[in-house]
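Below is one structure; the comments refer to it alone.
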Amino acid sequence: MNVLVIDVGGTHVKILATGQTERREFESGTTLTPRRMVARVKALAKGWKFDAVSIGYPGLVLGGRIAAEPHNLGHGWVGFDFARAFGKPVQVVNDAAMQALGSYVKGTMLFLGLGTGLGSALVVDGHVVPMELAHLSYRKSTIEDYVGLRGLERLGKKKWREHVAFMVERLTAALHTDDVVLGGGNVKKLKELPPGCRAVDNANAFIGGFRLWAGAAPSRGARGPQPARRARKAKRGRRHE
């Protein structure tokens with residue numbers, strides 16, 4: 001089965017299909033509605049053959065359906081019929097869950113995405129459990145306000161790194177994890193990784209999208225295939241405007 005994977009972010013939408021070696025992308029932002037996203041993706045994926053679609057969505061997804069409007073995109077995502085729009089079977093998952101699935105090896109793994117906000121997911125014996133750890137209370141606000149982009153800009157790198165290390169230590173202890181994975185665009189701003197952590201590239205989201213259709217769907221827990229080499233090569237794809 002050929003799969004088109006769409007990684008929807010607050011600043012860019014990135015796509016990759018089975019058999020391709022270079023991802024393609026375009027800018028997103030507060031004016032991007034799901035209808036516009038589908039139209040842009042169809043145009044950008046012209047020439048690519050695919051039988052199914054995986055979508056990583058930057059917000060709450062319950063039972064394969066978007067349950068809340070995104071903070072950094074346009075409106076109309078809740079209730080939108082992606083399968084009808086693409087004319088293909090579609091699976092929608094939280095974007096952090098998709099990257100977590102693509103980063104998973106074994107045991108209990110905690111994924112934390114350090115990006116615009118804080119993405120989080122737990123993978124237990126192949127079962128993906130999307131989480132909303134970003135909204136847990138922390139000091140005078142939430143965890144996301146300290147380790148997300150707002151916290152980085154407000155606190156500076158040194159203080160931000162301290163909060164990231166503290167968060168990882170507490171969450172790891174609470175969840176009894178075997179593996180802690182840090183992803184997202186801001187992981188490269190860490191001077192050193194917290195103990196017991198490994199960093200992954202955002203291209204793992206594509207691997208997760210492929211795995212959704214390879215027997216490793218969130219509701220199943222089957223072991224997915226080994227990471228696709230083509231997705232690894234896609235981490236430096238060209239940008240399409």
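The values are calculated or read from the model by the stated rules, or taken from the named source; none is laboratory data. The model shown is predicted, which means the values in this text are computed figures rather than measured ones. Quick reminder, even Gly has a Cβ in these numbers, built from the backbone with ideal geometry, and neighbours come from all protein chains shown. Each accessible area value is taken on the protein alone, full model and side chains, heavy atoms only, with ligands, DNA and RNA left out. Shrake-Rupley method; radii C 1.70, N 1.55, O 1.52, S 1.80 Å.
So what's the net charge close to F111: Lys and Arg +1, Asp and Glu -1, counting the other residues with Cβ under 12 Å from its Cβ? Working shown, then result.
Numbers: positive: R198; negative: D95, D179.
For residues surrounding F111, the net value is -1.
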Check your understanding: Does anything in region 187-217 have its amide N under 19 Å from the 7 Å Cα→Cβ label point of M1, and if so which residues?
Key -> 205-217
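Pop out the carbon and sulfur fraction of the accessible area of region 80-162 as a percent, whole number, probe 1.4 Å. Write out the running numbers ahead of the final one.
Details: 2010 of 3850 Å².
Result for region 80-162: 52 percent of the exposed heavy-atom area is carbon or sulfur.
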Check your understanding: Taking 0.36 nm per residue of separation and subtracting the Cα-Cα distance, what length does fully extending K88 through D125 add?
Key -> 10.4 nm
Check your understanding: Once you list every other residue whose beta carbon is under 10 Å from the beta carbon of S54, what net charge do they have if Lys and Arg are +1 and Asp and Glu are -1?
Key -> 0
Study note, to complete from the structure: Mean-square fluctuation maximum in Gaussian network of the chain, Cα pairs under 10 Å, restricted to I15, I143, I55, hits I143
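Express the accessible area of region 64-146 per residue in Å², computed with a 1.4 Å probe while the remaining protein chains stay in the model. Write down the numbers at each step before the final one.
Details: 3710 Å² over 83 residues.
I get 45 Å² per residue for this part.
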Check your understanding: Which lysines, on any chain, are close to K14 with Cα under 28 Å apart, when same-chain ones fewer than 8 places away are left out?
Key -> K42, K46, K49, K88, K106, K157, K188, K189, K191, K233, K235
Review point. Do you know the relative contact order of the chain, to the nearest whole percent, from alpha carbon pairs under 8 angstrom that are 6+ apart?
Key: 22 percent
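State whether the chain is rounded, prolate or oblate according to the following rule on the C-alpha gyration tensor (a ≥ b ≥ c being the square roots of its eigenvalues): a/c under 1.5 gives rounded; otherwise a/b larger than b/c gives prolate, and the remaining case gives oblate.
On the way: a/c = 1.65, a/b = 1.38, b/c = 1.19.
Judged from the Cα gyration tensor, the chain comes out prolate (a/c at least 1.5, a/b above b/c).
What FRET efficiency comes out for L193 versus K157 if R0 is 25 angstrom and r is the Cβ-Cβ distance? Round to the nearest 0.05.
Values: r = 15 Å, r/R0 = 0.58.
The value I calculate is 0.95.
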